[in-house]
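Down below is the structure, laid out as structure tokens.
The values are calculated or read from the model by the stated rules, or taken from the named source; none is laboratory data. Computed from a prediction, not measured in an experiment: that's the story for all the values here. Here the Cβ is made from the backbone with ideal geometry for all residues, glycine too, and neighbour counts use every protein chain on show.
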Amino acid sequence: MRKLVYYVGVSIDGYISGPGGEWEFFPLGDDMAAWINARYPETVPTHVRPHVGMAVEEPNKSFDTLVMGRGTYEPALAVNVTSPYAHMRQYVVSTTLGEIADPSVELVTADPVDLVRKLKAEETGKDVWLTGGGKLAGALLPEIDELIIKSYPVVAGAGISAFSGDFRPTLFSPTQTETFSNGARVTWFTRS
């Protein structure tokens with residue numbers, strides 16, 4: 001069975017971006033960037049790959065499907081990219097977006113839990129990447145099997161929380177940690 005994995009960067013105070021969707025304040029060291037490109041190449045947007053020395057057709061290693069909210073999708077639209085992860089199946093969960101003109105990106109207006117359960121039940125394929133945002137992660141918390149948290153040594157002060165929604169304490173167990181020269185660390189957690 002496929003897993004739903006929330007792979008995301010967070011500030012010390014738990015924000016995945018600033019109030020306006022800013023993420024550039026996360027300090028990304030060269031060693032960490034190289035590690036991301038090698039370990040999780042599919043998380044690098046298709047249109048960004050040539051700029052970081054990756055082949056556009058770099059094979060996916062961990063994920064072949066992603067689920068994102070409107071706020072995660074809109075930065076690509078702002079630069080006229082309608083299919084930011086063309087190398088994966090893409091689902092955008094939104095009740096307010098209206099429509100998506102690109103047939104390679106599916107708009108989901110119904111309950112995202114149903115979508116994720118269907119994706120996880122597929123007999124073949126890699127894991128499903130939940131890429132954000134916080135409201136969607138909060139709604140999908142019961143379905144998240146693993147967390148991969150890139151913790152950056154910066155306080156944002158305000159922004160979009162990694163999880164928002166109902167008070168629902170959910171225990172995960174750390175299984176591995178990797179540290180980088182920029183002071184950031186990546187920690188893997190599995191549902192307890």
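Taking the criterion of being under 25 Å from Ala158 (Cα atoms) and assigned to a helix (DSSP H, G or I), the only residue of the stretch 20-32 that qualifies is Met32.
Could you please let me know if Tyr85 is of a type in the set (Phe, Trp, Tyr) and under 19 Å from Glu106 (Cβ atoms)? When the stated conditions are applied, Tyr85 passes them.
Which residue pairs have Cβ atoms closer than 7 Å, lie 6 or more positions apart in sequence or on different chains, and pair a first residue in the stretch 66-78 that is more than 16 Å from Gly159 (Cα to Cα) with a second residue that is polar (S, T, N, Q)? Close Cβ pairs satisfying both conditions: Leu66/Gln90; Leu66/Thr131; Met68/Thr131.
Screening the stretch 182-192 for residues that are touching a residue at least 24 places away in the same chain (Cβ under 8 Å) and part of a loop (DSSP other than H, G, I, E, B) and picking the one that is farthest from Asn37 (Cα to Cα) gives Gly183.
For the stretch 55-69, residues that are at pLDDT below 95 and surrounded by 13 or more Cβ atoms within 10 Å (Cβ to Cβ) total 1.
Taken residue by residue, the stretch 1-19 has no member that is without any contact (Cβ under 8 Å) to a residue 12 or more places away in the chain, part of a loop (DSSP other than H, G, I, E, B), of a type in the set (D, E, K, R) and surrounded by fewer than 18 Cβ atoms within 10 Å (Cβ to Cβ).
Consider the stretch 152-181 and keep the residues that are polar (S, T, N, Q) and part of a loop (DSSP other than H, G, I, E, B). The one that is nearest to the chain's Cα centre (by Cα) is Ser164.
Do you know which residues across the stretch 149-176 are of a type in the set (D, E, K, R) and crowded, with 17+ Cβ neighbours inside 10 Å?
Residue satisfying the conditions is Lys150 alone.
Here Pro45 meets the list (1) surrounded by 13 or more Cβ atoms within 10 Å (Cβ to Cβ); (2) in a loop (DSSP other than H, G, I, E, B); (3) in contact (Cβ under 8 Å) with a residue 60 or more places away in the chain almost entirely, failing just condition (3).
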